[in-house]
Structures are given as C-alpha cells and as structure tokens.
Amino acid sequence: MAIKDRMSGNEAVAYAIKQVNPDVMPAFPITPSTEIPQLVSNYIANGEMDTEFIPVESEHSSMSATVGAESAGARSLTATSSCGLALMWEELLVAASNRLPLVLALVNRTLSGPININCDHSDSMGARDTGWIQIYAENNQEAYDNFIQAYPIAEDPRVHLPVMVCQDGFITSHAVQNILLEEDDKVKEFVGEYKPEEFLLNPGKPMAVGPYSVSNYAMEAKYNQEKAMENSGKVILEVAERFKKTFGRGFGFFEEYKTDDAEYIMLIMGSAAGTAKQAVDDLRAKGMKVGVLKLRVFRPFPADEIAKALSGCKAVAIMDRTESYNGHGGPLSSEVPAALFRNKVNIEAVSYIYGLAGRDFMVETAYEIFEELRDVVENGKKVKQHRYIGLRTREEQ
Amino acid sequence: MRTNGIEIRWHGRGGQGAKTAALLLADVCFKTGANVQGFPEYGPERMGAPITAFNRISKEEIRVHSNIYTPDLVVVVDETLLSSVDVTAGLKEDGAIIINTPKSVDEIKPLLKGYKGDVYTVDARTISVNALGKYFPNSPMLAAAVAVSEVMDKEAFITEMRTSYQHKFAKKPEVIEGNMKALTDTFTALGK
C-alpha cells in the first residue's frame, strides 16, 4: 500500500535515494539542491541506509568520484544545480561516453549571469548534448517516481547511459505538497540489484576505462553511444509500463492533457505544465479547445511522437525556459519545428521564452499565450516567431 | 478560487519564521486529509529582509505552481512591513488580513490603503512572551490563520499541533506547553 505523506521535492528525491540505497554518493552542496545530500547524510548517520557518502571539494570532484565509483562497479549518484552542473561539464561527457549508468538528481536553477538562485532550465538544457538521458518532473510526486525509474533505465544492457532526473528549483524542490510514497521493499524490488557486466574491481577480468581512442575506433564508439540513446526510448517506455503495473502511476515520453480535440496546444516542461493544465481547464470551461503536451523525456528526444501528437492541432506554443542566444528561441524551439518539418506536419508554431531566472509563470500567462495562438490562426495576427512572455516591460515588436 | 480551497499569503522578515509557519500550516492541514501546498519565495536571503511564503489548501489536487496574487487571507508577521510592502495587493474584498501588532483594528486600518475586507490584529509578542517567556511570533500567527480562515477544525488543530510539537521539540520538551498555550491564548484573544 502506498503511504500518503507530504514532502518537498528535495525531500521526495532524498527519500527515493534512501529506499534505493545506492552504493556511493559523492556530493558538493549548491542551492537549491543542497537538501538532497544533506538529507541523505542524515539518513546515513541515523543508520537508515548504508550508502558510502563522500564529501568532496567541488562538483568537478563529485562527478569525477561518481564516475570512478560507477566504473569500479558500484551503483552511484550525485546531486547538483546550476553552476555545479557547469563545473561537472567535462565529467558529464566522460560518464556518458564511458557508458556508465549513474544517476544525477538535478534541481534546475539558472546559470550565471546575472547571478540568481531561482529556476530555469539553462543548466540541464546546456548539458543536452552531453549524452545523458534527461527526464523532467512537474511536481514532487514525479520527481520521486522518476528517480525510482532512473536506475532500471540506465542499467539496462541495451542502454548503459547516465540519467539526469530533473525538477524545478524552489518551485518543486522547496514546495511541500501531498505525495504517495511506495513501500521500501517494493521500491527495492522494482529497482533490483545492480549486477554490472564489466567493472574495474573485478580481478578475474581486468579492463581499462577511458583510454585514448585512435580515430580508427573513436567514431564507432560515438556511433554506439548514439545507438544506445536511441535504444533507451524503448527501455524508458518498458520501465514506465512496469512502474504502472507495480505502482499504478503511468508515464510516457510526454503527457497529453486534453489534447485529443485541441486546436491549440502548449508544449511545456516541468512545474509550469501544472499551471498550464489549470489554464486549459479554465479556457475549456469557456469553450476554447486547448491542451497541454507536457514533455517528460527530453533526451532521447521523442521527435516523431511529438509530431504525431501535434498533427491534429492548428497551432502550438513551444515553451522554452532557457535561452539559446541564437536569435530564434530556445532548444525546444529548434527541435520541435525540426520534428514537425520531418514529419510533414504543417501547423503554426510560435516559440516563447518564459520563466527565466525564476520569473513566475502564472495561469494568466498561459491564457495570454493560448489567446495569441487563436489570434494567429483566426485573425492572421502576425507575431514574431521568437517571443518573450512575462517581461516587466513590453517586448519590442 | 482556483483550487477550490483557500489561498494564503504570508509576509514576514527573514528569521521570523513566516516560511516555517506556512510549512507548519501545510503540515497540519495535510493531517486532516486536505491537499496542501506550502512554499516560500526566495530572494537574496538575509535576516530581516522582507520574505513571502504561500499556502494553497484544497479538497482537490493542486496543480498551480505560481505564487499567489489574489489571496483569500494575508498574514503579516511583522507590522513594520506595512510601510514598505503592499500587503493587501490583490487581497480579495471578501477575504481577510491578520496583522501582528499590539494596536487595535481601528488604529491599523488607516495603514491598509482602504482595504474593505475583514481586519484582525493579534498581539503575538505579548501572547508569546506570556506563554513562552520569549518572542516567537510563529505559533500565535499560525493559530490566528487557522481561526480566521476556518481552514480546519480548531480542536483537530490543537490535537495535531501537540503531536507536531512533540516531534519537533523532542529534545526540548519544556517548550511544548508554552507553544500550546500560545495557540490557545491566540484563539481566546481573537474571540474566534
């Protein structure tokens, strides 16, 4: 029986970590993810779990130590945010290319500058091409559920890739809400025991990790890494199916909220999706056919599935909580239209930048966007394809 | 009201426990079976800086993650904020505001920019010092929020708070009775 409780997103992830009880957790504190290693340390000190916790002097070291521990054959993880992730950059690539199934609990926070501690997705989005699987959560429940699914995805022999489990800094990490927790033994059984096929601390089968690769081999290694990322899609869905059978809560690459007959769809990630769902209900009560496509899995990018899901609508608002500084929008604004184009789905698509550095995303913000989409379709309103929403001053048109 | 429940905004200064009060309210409402949300708004945190915290309490699932702009209830933990923060901004006309001050409602009203809803004052300092020997505005303001919002039954609140304090102050059991007295004294003072 699931246990009804109330927790913040950080508490929920720390609780999941306790239940999974991985072997090694090196970590360095950074707002707003600090509570995760702090709570895990408490659990260890209280004898509730026996993970080896390694306090390190920087995030460069925390990811290095996580890579080292995972290479040795230990189920490993770390947690971080923002500049902490930036300092791990080199090791993020090492973790993925060494095909290490470790897990990173990321609490999304903007990257400098101006220096700011609040949420946007610039940290994880900046790491989108490092070869990590990325899964995003709308609330504390999803942060918990996604963490439980992370190791079964990462460790699957068809995948062998690291997984970043993301949630919105402060908005979910520090908000206490109701949550359903699963029983320890059921979580442990779901995640299973880690049995690495090849690892360093295996005297009978010596191996090298991370050696120089000449050009004759390196490109094949990268090709195989890409194939693993492609394979992970199937595995993510299989694990989600098993999760649903075990715990009753279903997941996919994305959630389609009232999109079946929707004329206007907002494609959005993270906590803002919940707020957008409220806007959908309010606008539907007034007769407007709107829906939300909440993207959960950003890597691998479910391009064809997104194109199919959007094929029946008249217009989509593509919502980026980060800037790419390319003059055309954020990462979703590049990848979603590419998916639509390749699948020959010809609909209006307007890119919006919202919520940078903690700028609040309100139900009214979502109304405004849906109404603008309708204006574009019904009245031929010309809008810039790269729009900012929620600015203190009106954007120059 | 969006969440078919109640939305509360707390104004305090860093270190006074407005955030803790919001989280405690979420906690105690959760125990009565409600859907709850309790969260702070973080800025550059420092002692004494104005801070805001929020609660949504509802029978239905809470999906909105924005701050609260049209609260049903505002709780002001420090009356000196009245001169610098627009505490009644967006506050519903049929809502209420509670201010921690030794002043009377009539003395406070002119500072509220013509707010037409219900105004309550609670002298949390006197209540806290009498009950605890120290000034912690948290418990009186929490009790006032429960009494004014009627978000939960007062007896259930008292029972749950005792359990909560027993847990929270497991190593300082001597402060439990004082905190309980601060809660009930606030109910008495408000006459609610």
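The values are calculated or read from the model by the stated rules, or taken from the named source; none is laboratory data. No experiment lies behind these values; they were computed from the predicted model shown. Cβ coordinates were reconstructed from backbone atoms using ideal geometry, including for glycine residues, and neighbour counts include every protein chain displayed.
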Residues of the stretch A:168-198 satisfying the condition of being within 11 Å of chain B (Cβ to nearest Cβ) and not hydrophobic (A, V, I, L, M, F, W, C):
A:168, A:169, A:172, A:173, A:174, A:177, A:178
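Here are some residues: A:209, A:159. Which one is in contact with a helix residue (DSSP H, G or I) (Cβ under 9 Å, 6 or more places away or on another chain), surrounded by 21 or more Cβ atoms within 10 Å (Cβ to Cβ) and of a type outside the set (Asp, Glu)?
Values: A:209 fails: surrounded by 21 or more Cβ atoms within 10 Å (Cβ to Cβ).
Exactly one residue qualifies, and that residue is A:159.
Across the stretch A:134-167, what is the number of residues that are within 14 Å of chain B (Cβ to nearest Cβ) and either assigned to a helix (DSSP H, G or I) or acidic (Asp, Glu) (or both)?
Going through the stretch A:134-167, the residues within 14 Å of chain B (Cβ to nearest Cβ) turn out to be A:136-143, A:167.
Pick out the ones that are also either assigned to a helix (DSSP H, G or I) or acidic (Asp, Glu) (or both) and you get A:138, A:140-143.
Here the count works out to 5.
Here's the yes/no breakdown for (1) in contact with a Pro (Cβ under 7 Å, 6 or more places away or on another chain); (2) closer than 19 Å to residue A:120 by Cα; (3) surrounded by fewer than 18 Cβ atoms within 10 Å (Cβ to Cβ); (4) within 13 Å of chain B (Cβ to nearest Cβ):
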| position | (1), (2), (3), (4) |
| --- | --- |
| A:349 | yes, no, no, no |
| A:352 | no, yes, no, no |
| A:362 | no, yes, no, yes |
| A:370 | no, no, no, no |
| A:382 | no, no, yes, no |
| A:391 | no, yes, yes, no |
Subset of the stretch A:207-233 [free of Cβ contacts under 8 Å to residues at least 40 places away in the same chain and either of a type in the set (Lys, Arg) or over 25 Å from residue A:69 (Cα atoms) (or both)]:
A:214, A:215, A:216, A:217, A:219, A:220, A:223, A:227
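Here are some residues: A:283, A:340, A:293. Which one is away from chain B (no Cβ under 14 Å), part of a helix (DSSP H, G or I), in contact with a helix residue (DSSP H, G or I) (Cβ under 9 Å, 6 or more places away or on another chain) and modelled with pLDDT of 95 or more?
Working: A:283 fails: away from chain B (no Cβ under 14 Å); A:293 fails: part of a helix (DSSP H, G or I).
A:340 is the lone residue from the list that is away from chain B (no Cβ under 14 Å), part of a helix (DSSP H, G or I), in contact with a helix residue (DSSP H, G or I) (Cβ under 9 Å, 6 or more places away or on another chain) and modelled with pLDDT of 95 or more.
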Would you mind telling me which numbered condition in (1) crowded, with 16+ Cβ neighbours inside 10 Å; (2) on the phi > 0 side of the Ramachandran plot; (3) modelled with pLDDT of 95 or more residue A:329 fails?
(3)
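State whether one or more residues within the stretch A:336-351 are within 19 Å of the chain's Cα centre (by Cα), under 30 Å from residue A:31 (Cβ atoms) and assigned by TED's automatic domain parsing to the domain that holds residue A:375. Please lay out each step first, then the result.
Within the stretch A:336-351, the first condition is being within 19 Å of the chain's Cα centre (by Cα), and the residues that meet it are A:336.
Retained after the next criterion (residues that are under 30 Å from residue A:31 (Cβ atoms)): none.
No, the stretch A:336-351 contains no residue that is within 19 Å of the chain's Cα centre (by Cα), under 30 Å from residue A:31 (Cβ atoms) and assigned by TED's automatic domain parsing to the domain that holds residue A:375.
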For the stretch A:179-195, give me each residue that is buried (at least 18 other Cβ atoms within 10 Å of the Cβ) and of a type in the set (Asp, Glu).
A:182
Taking the stretch A:343-397 and keeping only residues that are within 18 Å of residue A:269 (Cβ to Cβ) and part of a loop (DSSP other than H, G, I, E, B), one is left with A:354, A:355, A:359, A:360, A:361, A:362, A:389, A:390
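Condition check: at negative phi, modelled with pLDDT under 95 and within 14 Å of chain A (Cβ to nearest Cβ). Does residue B:32 satisfy that? If you could, list the steps in order and put the result at the bottom.
On the way: at negative phi: yes; modelled with pLDDT under 95: yes; within 14 Å of chain A (Cβ to nearest Cβ): yes.
Judged against the criteria, residue B:32 is a match.
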Scanning the stretch A:18-53 for residues that are among the β-branched types (Val, Ile, Thr) and out of contact with any Phe, Trp or Tyr (no Cβ under 7 Å at 6 or more places or on another chain), the one farthest from residue A:73 (Cα to Cα) turns out to be A:31
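Output the strands (runs of 3 or more DSSP E) that fall wholly within the stretch B:1-96 and possess 2 or more residues being over 24 Å from residue B:118 (Cα atoms) and within 16 Å of the chain's Cα centre (by Cα), or say none. Reasoning before the result, please.
On the way: elements: B:5-13, B:35-41, B:50-58, B:73-76.
So the answer is B:35-41.
This table checks each residue for (1) without any contact (Cβ under 8 Å) to a residue 60 or more places away in the chain; (2) in a strand (DSSP E or B); (3) not basic (Lys, Arg).
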| site | (1), (2), (3) |
| --- | --- |
| A:277 | yes, no, no |
| A:298 | no, yes, yes |
| A:312 | yes, no, yes |
| A:323 | no, no, yes |
| A:335 | yes, no, yes |
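Each row is one residue, and each column tells you yes or no for (1) outside any helix (DSSP H, G or I); (2) among the charged types (D, E, K, R).
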| position | (1), (2) |
| --- | --- |
| A:206 | yes, no |
| A:210 | yes, no |
| A:220 | no, yes |
| A:224 | no, no |
| A:234 | no, yes |
| A:237 | no, no |
| A:243 | no, no |
Which listed residue, of A:383, A:316, is touching a helix residue (DSSP H, G or I) at 6+ places or on another chain (Cβ under 9 Å) and farther than 28 Å from residue B:69 by Cα
A:383
Subset of the stretch A:262-275, residues part of a loop (DSSP other than H, G, I, E, B) and either free of Cβ contacts under 8 Å to residues at least 40 places away in the same chain or within 14 Å of chain B (Cβ to nearest Cβ) (or both), comes to A:269, A:270, A:271
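So for the stretch B:56-65 (the condition being in contact with an Asp or Glu (Cβ under 7 Å, 6 or more places away or on another chain), within 12 Å of chain A (Cβ to nearest Cβ) and at pLDDT 95 or above), does at least one residue qualify? Let's see the steps before the verdict.
Quick first cut of the stretch B:56-65, residues in contact with an Asp or Glu (Cβ under 7 Å, 6 or more places away or on another chain) only: B:56.
Checking the rest, the ones that are also within 12 Å of chain A (Cβ to nearest Cβ) come to B:56.
Right, trim to at pLDDT 95 or above and you get B:56.
Scanning the stretch B:56-65, I find at least one residue that is in contact with an Asp or Glu (Cβ under 7 Å, 6 or more places away or on another chain), within 12 Å of chain A (Cβ to nearest Cβ) and at pLDDT 95 or above, so the answer is yes.
Among the listed residues A:48, A:35, A:52, A:57, which satisfies the condition of being modelled with pLDDT of 95 or more and within 21 Å of residue A:118 (Cβ to Cβ)?
Selected residue: A:35, the only one of A:48, A:35, A:52, A:57 that is modelled with pLDDT of 95 or more and within 21 Å of residue A:118 (Cβ to Cβ).
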